[in-house]
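All remarks here apply to the structure that follows.
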Amino acid sequence: MLKRDGESCKYSVPDFEGKLTRSEFDSYNEAFETIKDELAAITQIKADLKELNVNPGVFAIPNDQFAEQTLETKHSERGDLNLRWDIRSLLLKLTCTDVFLCERMTSEGKQFAVIERYGNESLYAKANGNINVLLVSNDAQQAVQDYAARADHTLHFMASNMVATAQRVVWQRVASQNPSRVIRAISERCSKAIGDAQDEIQAQILERKLSNRQNQSIGQTL
Amino acid sequence: MNGESIKNAVPISRAAKKLGLDSFTLYGLIQSDKFRPRRERWGELVILEIELEDAIKEPTKKK
């Protein structure tokens, strides 16, 4: 059995091909404990975003569940420039935040916005208002796609910072040793959480495009 | 890389709890420049406690 610093390398961790020594394994577990809640959140959000990426049109259709429900956005300090938006569908539900696709009628036609609403208990919401407009578009489906792309970017940002957090924990624990393998193992686990779902989304989008193309060519033949 | 940690600063996950937000939401607010985190010695982002206090103050009390 391979040994490192006199210790046997015999401990396996998810998504890492190598084996860790007992002390590396302990460091890994301690670091992972620090980021496990965020990694679970990333995995869940990634799964929720998958549907937005694959079927953005579904979310552009008004959902009866939100009929007559509105959100008001404030665009001036005095509150004399408020816009009222009708909720069209729910794009993402988090523990403390809901993200909606909304619409309103303007003189130039319908306008769409992706708006997040924070929970009433949030101290940030109490001080800054519980509504935040993330993006505006004149195309509902485009708004969904743009939000999905933006959320995906945020997930990557979150994952890279999680690895840095794990790095801090590991270095603080074993400052005298080289913890590069532990960091790599954590990093690969985080990358897997982001990457797997991304691959699956791309495969489903490709499958959908091929299916649409097939249907089109069948239509032309008929 | 200097060896000093940034004083009176908290990691993003703890900052999110204090604000009553999901971490994902706070990362989004950082990307929109609503918060200005500092980078710790290991590359980890942290938010100064003073910025957090300011973010939960009533608008009239903000600096």
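Points to keep in mind about this one:
- Summed over the range B:2-31, residues that are more than 7 Å from chain A (Cβ to nearest Cβ), assigned to a helix (DSSP H, G or I) and aliphatic (A, V, I, L, M) total 5.
- Among the residues of the range A:128-174, those that are part of a helix (DSSP H, G or I), more than 10 Å from chain B (Cβ to nearest Cβ) and farther than 17 Å from A:Gln44 by Cα comprise A:Ala140, A:Gln141, A:Gln142, A:Ala143, A:Val144, A:Gln145, A:Asp146, A:Arg173.
- Check on A:Thr21, within 19 Å of the chain's Cα centre (by Cα), more than 24 Å from A:Glu121 (Cβ to Cβ) and not aliphatic (A, V, I, L, M): no
- Applying the set (1) at the interface with another protein chain (Cβ under 7 Å from one of its Cβ atoms); (2) charged (D, E, K, R); (3) closer than 19 Å to A:Tyr124 by Cβ to B:Lys34 leaves exactly one unmet item: (1).
- Selection count where residues are touching a residue at least 40 places away in the same chain (Cβ under 8 Å), of a type in the set (A, V, I, L, M, F, W, C) and surrounded by fewer than 19 Cβ atoms within 10 Å (Cβ to Cβ), scope the range B:35-52: 2
- Residue within the range A:55-71 that is hydroxyl-bearing (Ser, Thr, Tyr), loosely packed, with under 15 Cβ neighbours inside 10 Å and within 14 Å of another protein chain (Cβ to nearest Cβ) present: no
- Scope the range A:17-52; condition surrounded by fewer than 20 Cβ atoms within 10 Å (Cβ to Cβ), in contact with a strand residue (DSSP E or B) (Cβ under 7 Å, 6 or more places away or on another chain) and either within 12 Å of chain B (Cβ to nearest Cβ) or not in a helix (DSSP H, G or I) (or both); matching residues: A:Lys19, A:Asp48
- Failed criterion for A:Ser187 (all others in (1) modelled with pLDDT under 65; (2) among the polar types (S, T, N, Q); (3) under 25 Å from the mean Cα position of the chain (by Cα) hold): (1)
- Residues of the range B:1-29 satisfying the condition of being among the β-branched types (Val, Ile, Thr) and under 17 Å from A:Leu123 (Cα atoms): B:Val10, B:Ile12, B:Thr25
The values are calculated or read from the model by the stated rules, or taken from the named source; none is laboratory data. Model, not experiment: these values are computed from the prediction. Note that each Cβ is placed from the backbone with ideal geometry, even for glycine, and that neighbours are counted across all protein chains shown.
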